[in-house]
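Notes for the one structure printed next.
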Amino acid sequence: MLDWFSRNARDLPWRHTRDPYAIWVSEIMLQQTQVKTVIPYWKRWMQELPTVKAAADASPDKIHKLWEGLGYYTRVRNLQKAARQIMEKHDGKFPDNFDDVVALPGIGRYTGGAICSIAFNQPTPILDGNIIRVLTRVFGIAKNPREKKTNAQLWRLAEELVTHASANNSRTRTRTKDEDEERSACSHFNQSLMELGALICTPRNPQCPVCPVKKLCVAFRENRAAELPNLGRRTATTARHFIAFVIERNGRFLVRQRPAGVVNAHLWEFPNVEIGARLSEPQHARLQNIAEKITATDSTRTRCGSGDPRSKSVADVAAQLFGSSPTSINHLCTVKHSITRYRITLEAFRVQLGGRSSTTPKNFGTRRVCPSETGVWLTLARLRDLAFTAAHKKILTHLKHNGRHLR
Ligand code: SF4
């Protein structure tokens, strides 16, 4: 594995450093996110916030903007909390003790193991989806790895392997293939497992003929790679529908900031309402009924003019939300995206409100704690500086491209 890794490791920017802070940032970004997506984000982050202190001192707007588009924003908030703890409890020096590392917010057993092995070459195991796939196949483990007992067995295996890599490396210690290699056995072994899972032992069509461990692999020998790992039945997906309103007044757009304690907290979005959500407030219940009519009709049309049955429904929702009937409605775009088990469809409408009452949404069922959560009017240039949720960022991009045409 070490030989294979030295010949096949991808040249990733965080592999050029032993700085635990840089490795930590990469590991947090890589959770739930592909390597090619993470690279530009990591580079930008390290350029803007190159030290633990810089991350601890950065404003919430800054860290959210740097993370914008990566999703799962709790990660970045925890990263900053952890950076502040490192400043307070460890004098700004990233701890090199596994127990201290996993005591930091947002760092679990996997991330702690990755940081300690990669940055400090300690024999700390790691186990994620890629490594579970490799280990269940190599060792022919047919039980569901999500079950507690099997999961514990896999962690033990991962620990034995990285410990063995470390011991083996000391025994075969030479002054040839550089001393760096001998100081990197744990780091390189864990990364070789990650790399094998990402490049060779892929979920579908693993490249067994070129795999460095094929002679040891039970799944290869017994032609069982397609059935391992045995993850049981997948969780059913749930469809969710939202409508969003893009409202402009005197060159400014109405946007709001999501409050603390909800998904995508602190990020910005256009006013929107979920269709079919369980909401307690009677006004919301009425809105849902009206809004359901919107998606009950064909959403593929690009405009929602007077002849479109949706325009009446959108107008009714807008009037309820903003206390003013729209003078025009245009369908701006449909955004589809997935978060965990949710398949989300977001219909965005560009709405011109009549009268003088186009102020802020009356009621979105959320607690109001500051004006930015109720809604504020900002220029397009200012919106570019704010961190939007992924779906609403797409609306913003669409707006920038089509704004002139629709005005
Ligand atoms: Fe995966 Fe095939 Fe290698 Fe086994 S031989 S570890 S199934 S790629």
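Brief remarks follow.
- Which numbered condition ARG404 misses (of (1) more than 21 Å from the chain's Cα centre (by Cα); (2) modelled with pLDDT of 90 or more): (2)
- Members of region 219-265 found to be touching a Ser or Thr at 6+ places or on another chain (Cβ under 9 Å), open to solvent by less than 40 Å² (accessible area, probe 1.4 Å) and within 16 Å of the ligand (Cβ to nearest atom), listed by number: ALA219, LEU228, PRO229
- So THR163, is it at pLDDT 90 or above and more than 26 Å from the chain's Cα centre (by Cα): yes
- Unmet requirement for TRP45, which otherwise passes all of (1) over 14 Å from the mean Cα position of the chain (by Cα); (2) open to solvent by 10 Å² or more (accessible area, probe 1.4 Å); (3) aromatic (Phe, Trp, Tyr): (2)
- Region 203-217: number of residues that are under 21 Å from SER6 (Cβ atoms) and assigned to a loop (DSSP other than H, G, I, E, B): 5
- Residue within region 101-119 that is more than 28 Å from PRO229 (Cα to Cα), more than 16 Å from the ligand (Cβ to nearest atom), at pLDDT 95 or above and of a type in the set (Phe, Trp, Tyr) present: no
- Options ALA54, ALA82: the member that is open to solvent by less than 20 Å² (accessible area, probe 1.4 Å) and at pLDDT 95 or above: ALA82
The rows are residues; the columns are (1) more than 22 Å from PRO50 (Cα to Cα); (2) buried (at least 21 other Cβ atoms within 10 Å of the Cβ).
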site: GLU88; (1), (2): no, no
site: ASP91; (1), (2): no, no
site: ALA103; (1), (2): yes, no
site: ILE132; (1), (2): yes, yes
site: GLU147; (1), (2): yes, no
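- Unmet requirement for ASP96, which otherwise passes all of (1) within 27 Å of ARG258 (Cα to Cα); (2) not in a helix (DSSP H, G or I): (1)
The values are calculated or read from the model by the stated rules, or taken from the named source; none is laboratory data. Please read all numbers here as calculations on a predicted model, not as lab measurements. Note: ideal-geometry Cβ built from the backbone for every residue, glycine included; neighbour counts use all protein chains shown. Surface areas here come from the heavy atoms of the whole protein model, side chains and all, with no ligands, DNA or RNA. Shrake-Rupley method; radii C 1.70, N 1.55, O 1.52, S 1.80 Å.
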